[in-house]
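The structure appears below as structure tokens.
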Amino acid sequence: MASFEYRNGSFHAEDVSVSAVADRIDTPFYLYSHAALTDNFRAFDGAFSGMPHLTCFAVKANSNLAVLSLFAKEGGGADIVSGGELFRALRAGVPADRIVFAGVGKKRSEIQAALEAGIRMLNVESREELAAINEVAGRMGKKAPIALRVNPDIDPKTHPYISTGLRKYKFGIAIEEALEHYREARALSNIALVGIHHHIGSQLTEVQPFADALARIVDLVRNLRAEGIDIRQIDVGGGLGIVYKDETPPHPDELAGAVLPLLDGLGCTLVLEPGRALVGNAGILVTRVLYVKRSGGKTFVIVDAAMNDLTRPSLYGAYHAVVPVRERGGKPVKADIVGPICESGDFLAKDREIPPVSSGDLLAVMSAGAYGFTMSSNYNSRPRIPEAMVRDDNFFIVRERETFEDLVRGEQIPELLLA
Ligand SMILES: *Cc1c(COP(=O)(O)O)cnc(C)c1O
């Protein structure tokens, strides 16, 4: 059974009518399906059951505590990129030894927090960062478990903003220089070399780039072994794509089919960092039509959600399907679906064929579970919107709508301005 579908002309999330949720908590809001999240995790994690592995959900895709907790209960870990995400993962109950920490710019305070928590490994992106970790670990009397993030120079054939595995991007250490970096790292007394990491990009719709990148990494692991550097964790990153429109991303089984044979006999644990693939299609953004305006030969459907709530269309030109919550007949119209923000870039969809809608109608913006809420902001002093989760015929608020007071929390008018 699909997690989001029409039943008797009314759009449902599992057994809950979306319009009933809108009546209760007002619009706009994010709505996640517990069943879809669970199914996605099991399909992904299950695909790799043929070898020792750990699925570390990329927290930046959706960092709600309820989502993190669900994956932790399923046996998953967390791939974090900041001290804030470490805090969230621990708060949600992710065991520290299932947390991996990536990112080119970790601060010393973040490194210290990660070592205090006792995370599985830090994925290191430069010589200077390695030195900083060695220093912090030394001060704490610890040995820091690390993997070097290697840039395999593989083109993932995706949007340049979410492509990472080419030499020209800021991520990782060029593969030709990796051996030398490992040799240097071996000499550092507070570093334990436990793994190797790479992540080539996001929203990949073919398996070949994954396999090409991993083949290069496996060669490197063998060379490291030959020098006595015994790497036992291979972290292949995330990046598996989902369907937004008409893409044909591989099923996790297909990814596993391409990846597992390369690791045969290596005696490694595979670490995976899926983000979008676990949450993207498990969430929708629900918004209400405020006005329909015809101007300059165009139709604008003005809704109460905006680019601050869902940034992907403005930022990447990303496509999200938009469907009316009450099934509609009638001749489709071509419209721009836009928000109230004072920017021309504020749109959820452009030149989109949609059924005729009118003021008061609810719309569901599909595939909004990944990089939706987490990229939202308070631009135009718009309180961030609530997140809710459906399970069977119930729904739960998993993050409340922000209030105006939340908007000004921490702000102060200094005395001198009051005089
Ligand atoms: C963003 C990111 C991921 C997750 O990417 P998805 O495309 O959402 O699967 C995994 N690992 C790292 C290092 C990342 O930066």
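Numbers below:
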item: Selection within the range 243-287 - closer than 18 Å to Pro313 by Cα and assigned to a strand (DSSP E or B); result: Gly283, Ile284, Leu285, Val286, Thr287
item: Complete set of residues in the range 103-114 that are closer than 20 Å to Ile196 by Cβ and modelled with pLDDT of 95 or more; result: Lys106, Ile111, Ala114
item: Output for the range 6-19, where each listed residue is part of a strand (DSSP E or B) and surrounded by fewer than 11 Cβ atoms within 10 Å (Cβ to Cβ); result: Arg7
item: The range 362-387, subset away from the ligand (no atom under 16 Å from the Cβ) and surrounded by fewer than 19 Cβ atoms within 10 Å (Cβ to Cβ), residue nearest to the chain's Cα centre (by Cα); result: Ser377
item: Of the criteria (1) surrounded by 15 or more Cβ atoms within 10 Å (Cβ to Cβ); (2) of a type in the set (D, E, K, R); (3) out of contact with any Gly (no Cβ under 7 Å at 6 or more places or on another chain); (4) under 22 Å from Tyr182 (Cβ atoms), which one Glu125 fails; result: (3)
item: The range 278-298, residues that are within 20 Å of the chain's Cα centre (by Cα) and of a type outside the set (A, V, I, L, M, F, W, C); result: Gly280, Asn281, Gly283
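The values are calculated or read from the model by the stated rules, or taken from the named source; none is laboratory data. What you see is a predicted model, and the numbers here were worked out from it, not measured in a lab. Cβ atoms come from the backbone with ideal geometry, glycine included; neighbour counts cover every protein chain shown.
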